[in-house]
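The values are calculated or read from the model by the stated rules, or taken from the named source; none is laboratory data. Just so you know, these numbers come straight off a predicted model, no measurement behind them. So basically every Cβ, Gly included, is an ideal-geometry build from the backbone, and we count neighbours across all protein chains shown. Remember, those area values only see protein heavy atoms, side chains included, never the ligands or the DNA or RNA. Shrake-Rupley method; radii C 1.70, N 1.55, O 1.52, S 1.80 Å.
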Amino acid sequence: MAKVLVTGGSGKLGRAVLKDLVAHGYDVLNLDQHPLQDKICPSVRVDLTDFGQVAAAILGGVDERSGPFDAVVHLAAIPAPGIAPNADTFANNVPTTYNVFEASRLAGIKNITFASSETVLGLPFDTPPPYAPVDEEYYPRPESAYSLGKLLDETMAAQFCRWDPQLRISALRFSNVMNPEDY
């Protein structure tokens with residue numbers, strides 16, 4: 001059975017991902033600063049801005065919750081602009097992604113998926129895009145500290161993969177994640 005480590009599994013998107021992975025037979029461990037309210041899977045409280053804590057958790061330094069892990073799903077972040085001061089959002093999100101990528105690299109994990117955002121493109125387009133429809137050639141135009149951080153995460157992922165051609169990192173540009181009751 002594949003062993004998957006998920007960061008940010010206590011959040012809205014994270015809980016849905018944890019439930020799906022467990023339902024499909026994966027052995028899952030959640031790393032998050034906040035406790036997991038529903039006991040979907042084992043969870044370890046980790047400050048993901050602290051590289052030592054991230055590396056210890058990914059490299060097996062948590063009793064009864066160790067790897068090795070086959071894949072990482074990195075969802076931990078301040079999930080949108082306007083939730084915290086811009087500098088706090090940036091100072092949390094970008095180092096967290098670096099720490100997860102680097103600790104995964106040290107652990108030899110070759111499959112990482114992480115949450116990016118459609119806001120990398122400039123959405124909701126308060127400043128009109130230079131052309132429409134937006135296509136694959138469209139250069140990112142982040143308009144907030146949050147979206148700038150997501151662009152840097154994507155750029156970082158590309159460089160990690162350049163360093164190790166066997167590494168696969170997928171960025172999923174999620175849009176306004178909601179539970180059914182939020183509609």
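At a glance:
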{"quantity": "Selection within the range 1-58 - of a type in the set (Phe, Trp, Tyr) and in contact (Cβ under 8 Å) with a residue 40 or more places away in the chain", "calculated": "51"}
{"quantity": "Residue within the range 84-102 that is surrounded by 15 or more Cβ atoms within 10 Å (Cβ to Cβ) and small (Gly, Ala, Ser) present", "calculated": "yes"}
{"quantity": "Lone qualifier among 58, 78, 40 - being open to solvent by less than 40 Å² (accessible area, probe 1.4 Å) and outside any loop (DSSP other than H, G, I, E, B)", "calculated": "58"}
{"quantity": "Where a residue in the range 113-129 is part of a loop (DSSP other than H, G, I, E, B) and its partner, wherever it lies, is open to solvent by less than 60 Å² (accessible area, probe 1.4 Å) and of a type in the set (Phe, Trp, Tyr), with Cβ under 8 Å and at least six apart", "calculated": "129/138"}
{"quantity": "Some residue of the range 158-165 being modelled with pLDDT of 95 or more and surrounded by 14 or more Cβ atoms within 10 Å (Cβ to Cβ)", "calculated": "yes"}
{"quantity": "Every residue from the range 138-183 that is acidic (Asp, Glu), part of a loop (DSSP other than H, G, I, E, B) and over 16 Å from residue 123 (Cα atoms)", "calculated": "164"}
{"quantity": "Test: residue in the range 1-10 that is open to solvent by 50 Å² or more (accessible area, probe 1.4 Å) and not aliphatic (A, V, I, L, M)", "calculated": "no"}
